[in-house]
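The values are calculated or read from the model by the stated rules, or taken from the named source; none is laboratory data. Keep in mind that this is a model prediction, so the values were computed, not measured. Cβ placement follows ideal geometry from the backbone for every residue including glycine, while neighbour counts extend to all protein chains displayed.
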């Protein structure tokens with residue numbers, strides 16, 4: 001997928017780590033924190049003055065970025081899935097999607113707890129089959145195409161018990177991996193490790209087609 005990017009962006013960490021946008025492409029050099037970078041990009045795109053949900057003016061103390069498709073249901077941090085929100089609305093929305101949260105807001109306060117529980121049940125049921133994400137975001141990734149720099153031996157000690165249990169219960173992983181256009185893995189190394197160890201040839205992924213990881 002082509003993610004939203006600001007027209008101009010440059011973030012410097014040190015001479016080995018930096019990121020910049022040039023002609024609609026995001027280039028990333030070195031071991032940059034993926035989550036922080038996605039947040040910085042999103043803040044660079046939008047004028048974050050008002051909460052998208054309650055329209056209250058945001059301050060440095062109250063502004064947050066909400067995941068429109070929540071993390072619990074496979075949502076990832078990309079500008080296309082982040083929206084300006086005050087901390088109050090972000091907390092209220094919790095694990096609801098945007099459509100569910102709007103419906104929750106329009107419901108009488110006495111019935112909101114029951115409605116929220118209903119949404120959670122529905123989302124959990126859907127997660128048994130697929131991610132709660134737009135179909136066009138997700139594609140298949142051949143585990144054999146992992147770039148050479150990814151060293152699975154360094155992650156074995158952290159364990160994959162939760163991923164293994166989830167896979168046994170649902171027969172798919174809790175979220176897609178996130179990779180660059182040149183197959184650098186930003187999110188999901190433990191998923192790839194589990195797949196490789198268990199002979200699973202393909203996993204779901206979100207390929208950021210306008211993001212390039214510059215090799216060392």
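Annotations
- Considering residues of the stretch 64-84 that are in a strand (DSSP E or B) and touching a residue at least 24 places away in the same chain (Cβ under 8 Å) only, the residue nearest to the chain's Cα centre (by Cα): 82
- Residue match in the stretch 87-103 (condition: over 19 Å from the mean Cα position of the chain (by Cα), within 16 Å of residue 208 (Cβ to Cβ) and not in a loop (DSSP other than H, G, I, E, B)): no
- Cβ-Cβ under 7 Å pairs, at least 6 apart or on other chains, the stretch 85-100 side free of Cβ contacts under 8 Å to residues at least 24 places away in the same chain, far side in a helix (DSSP H, G or I): 100/119
- Close Cβ contacts (under 8 Å, 6 or more residues apart or on different chains) running from residues in the stretch 17-28 that are outside any strand (DSSP E or B) to residues that are surrounded by 14 or more Cβ atoms within 10 Å (Cβ to Cβ) and modelled with pLDDT of 95 or more comprise 24/5; 24/210.
- Among the residues of the stretch 42-71, those identified as closer than 12 Å to residue 83 by Cα and touching a helix residue (DSSP H, G or I) at 6+ places or on another chain (Cβ under 7 Å) are 42, 45, 51, 53, 64, 65, 66, 67, 68, 69.
- Some residue of the stretch 195-207 being assigned to a loop (DSSP other than H, G, I, E, B) and modelled with pLDDT under 85: no
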